[in-house]
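Notes follow once the structure below has been shown.
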Amino acid sequence: MRQIHLAGFLLASQVVHSHAVWRHPRTELGFLEAEYYQNIARVLERGKFDLVFFADSLTMPDTYGGSFAESVKYGAQGALRLDPLLLASTMAVATKHIGVGVTRSTTYYQPYDLARGFATLDHLSRGRAAWNVVTSSRASEAGNFGFDQHLEHDLRYDRADEFLEVAFKLWNSWEEGALVLDRDNGIFADPTKVNYVHHVGQWFKVRGPLTVPRSPQGRPLIIQAGASNKGREFAAKWAELIFEISPDITTMKSYYQDVKTRMAKYGRSPDTCKILPAVMPFVGETETIAKEKQTFHNELVHPMAGLLTLSNHIGVDLAQYSLDQPLAKIDIQGSQGVFAVAQKLGVEEGLTLRELGKIYGRGLVVPQLVGTPTQIADKLEDIFEQQGGDGFIISPAYLPGAFEDFVDLVIPELQKRGRFRKEYTGNTLRENLGLVQ
């Protein structure tokens with residue numbers, strides 16, 4: 001029987017997809033402490049999750065009204081972000097099996113730097129590292145790295161494509177068995193198995209070799225979340241796991257089939273990539289209790305928090321539009337997938353910008369699943385069976401409680417049905433996902 005794969009979603013922050021997280025009474029406000037993240041990793045490992053990973057960006061949001069003041073005031077997504085690579089390292093040493101993934105941008109970093117960082121994380125985790133590859137889309141990010149404006153959307157993906165080519169060359173610059181460690185003869189490594197890369201391309205010129213030996217997985221797992229046409233093409237070429245946000249099963253199935261079909265042109269089998277749509281579960285002993293949890297959570301969201309984040313995600317100052325009118329049809333350079341979903345809600349349901357801000361703040365249009373453990377398992381299994389995904393990204397409404405609820409209540413139900421593992425079977429993240437490099 002095909003089994004479901006699961007990943008826990010995090011930000012190194014006071015919020016996640018939900019902007020109510022930090023206000024929720026069941027959330028521990030330890031988001032500046034290593035122990036907070038280590039505890040979350042242990043909870044998810046107890047539930048046998050494949051991995052936990054951090055989304056990230058490189059700026060404090062100031063798109064709305066041209067200032068960060070409101071974002072800081074309401075604690076919008078991005079008002080606070082720690083460096084997730086450091087947090088992932090602390091989580092890796094506190095666990096034994098669960099994968100740890102980190103978002104890093106190909107727009108403002110250099111291939112050598114990231115290749116070294118992720119190879120190091122793969123060693124520290126004994127083969128459980130993953131890199132969520134993104135192309136930074138916000139003008140304010142450019143300002144933090146000495147640029148007046150960011151690259152146009154398609155050019156960012158062109159740069160990312162070459163970036164990964166270079167990173168793969170660097171990871172492969174140490175061959176298997178290059179590290180000898182022959183104490184008796186004083187031979188540390190075999191120089192014939194360490195190679196320059198001598199890459200010269202449109203965007204990068206990199207000599208190599210990497211200073212980190214080949215890691216336990218050979219290289220980290222590649223995660224991607226492209227929603228635009230260019231992004232889907234990039235994901236079909238490179239991704240081993242895709243993080244995807246769709247508001248309903250119809251959109252999930254459409255995305256799944258589209259990307260899996262695109263993989264053939266790159267000589268890839270659909271089985272070499274797992275697509276995981278995001279869901280936000282509210283689990284209760286009864287359906288009524290679950291609905292009460294959902295209502296309580298959703299009412300904690302301030303509409304401005306969601307609107308500030310939406311403005312930042314699409315790279316458009318929404319302060320120039322009426323809060324009592326639907327989102328206008330506009331050209332954007334930011335996240336096109338997010339904008340398409342937000343605009344669809346405005347057109348099809350007639351939601352005003354204010355109402356959209358409230359909904360966006362609840363979970364960035366991540367669908368909320370509400371019910372008993374059996375009902376939640378039914379919904380997940382139905383999406384899985386209809387090929388809406390190969391598993392799910394679980395987005396928490398409060399921390400660590402929402403993960404604890406899912407692990408304690410839903411995981412046993414999925415295990416009883418034979419849909420989810422009872423123990424880890426592999427040594428590396430790629431092995432636990434059933435992927436062959």
³J(HN,Hα) computed for each position of the range 69-85 - Karplus, 6.51 cos²θ - 1.76 cosθ + 1.60, integer Hz, glycine/proline x: 4, 5, 5, 5, 4, 9, x, 5, 4, x, 5, 9, 8, 7, 7, x, 5
Residue-by-residue Karplus 3J(HN,Hα) for the range 135-143, coefficients 6.51, -1.76, 1.60, Hz, glycine and proline x: 10, 4, 10, 9, 4, 5, 5, 4, x
Globularity index of the range 127-182, i.e. its alpha-carbon radius of gyration over 2.2 N^0.38 Å: 1.62
In Hz, Karplus ³J(HN,Hα) per residue of the range 205-211 (6.51, -1.76, 1.60; θ = phi - 60°; x = Gly, Pro): 10, 10, 8, x, x, 5, 8
Rh (Kirkwood; distinct C-alpha pairs) - the range 201-290, Å: 15.8
Zone of Lys205's modelled label, taken as backbone nitrogen in the range 124-168 under 17 Å from a point 7 Å along Cα→Cβ: 163, 166
Sum of -39500 (n - 2.57) over DSSP H runs of 4+, divided by residues of the chain (222 nm, nearest 500): -11500 deg cm²/dmol
Rounded to 5, the percent of DSSP beta bridges in the chain classed as antiparallel: 15
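Taking square-rooted eigenvalues a ≥ b ≥ c of the alpha carbon gyration tensor, is the range 65-215 rounded, prolate or oblate, where a/c under 1.5 means rounded and, failing that, a/b exceeding b/c means prolate? Walk me through the numbers on the way to the answer.
Values: a/c = 3.21, a/b = 1.58, b/c = 2.03.
Oblate.
Counting only other residues whose beta carbon sits under 11 Å from that of Pro220, what net charge do I get with K and R as +1, D and E as -1?
On the way: positive: Arg104, Arg128, Arg219, Arg430; negative: Asp122, Glu240.
Summing Lys and Arg as +1 and Asp and Glu as -1 gives +2.
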The range 244-385 shape via C-alpha gyration tensor axes, a/c threshold 1.5: oblate
Using alpha-carbon coordinates, inclination of helix 353-363 to the longest axis of the chain, degrees: 50
Accessible carbon and sulfur surface of the range 286-427 relative to its total accessible area, %, 1.4 Å: 49
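Accessible area per residue for the chain in Å², computed with a 1.4 Å probe and the full protein assembly in place, what is it?
41
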Simple label model, 7 Å out from Cα along Cβ direction - Ile330 to Glu292, nm: 4.1
Estimated distance in nm for a label pair at Thr192 and Leu82, the labels positioned 7 Å out from Cα along Cα-to-Cβ: 4.7
Neighbourhood net charge (11 Å Cβ-Cβ; Lys/Arg +1, Asp/Glu -1) for Asp258: +2
Flagged links, alpha-carbon separation over 24 Å, of Lys169/Lys205; Lys291/Lys329; Lys96/Lys291; Lys379/Lys422; Lys73/Lys230: Lys291/Lys329; Lys96/Lys291; Lys73/Lys230
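The values are calculated or read from the model by the stated rules, or taken from the named source; none is laboratory data. Remember, it's a predicted structure, so these values are computed and weren't measured experimentally. Note: ideal-geometry Cβ built from the backbone for every residue, glycine included; neighbour counts use all protein chains shown. All accessible areas refer to the heavy atoms of the entire protein, side chains included, with ligands and DNA or RNA removed. Shrake-Rupley method; radii C 1.70, N 1.55, O 1.52, S 1.80 Å.
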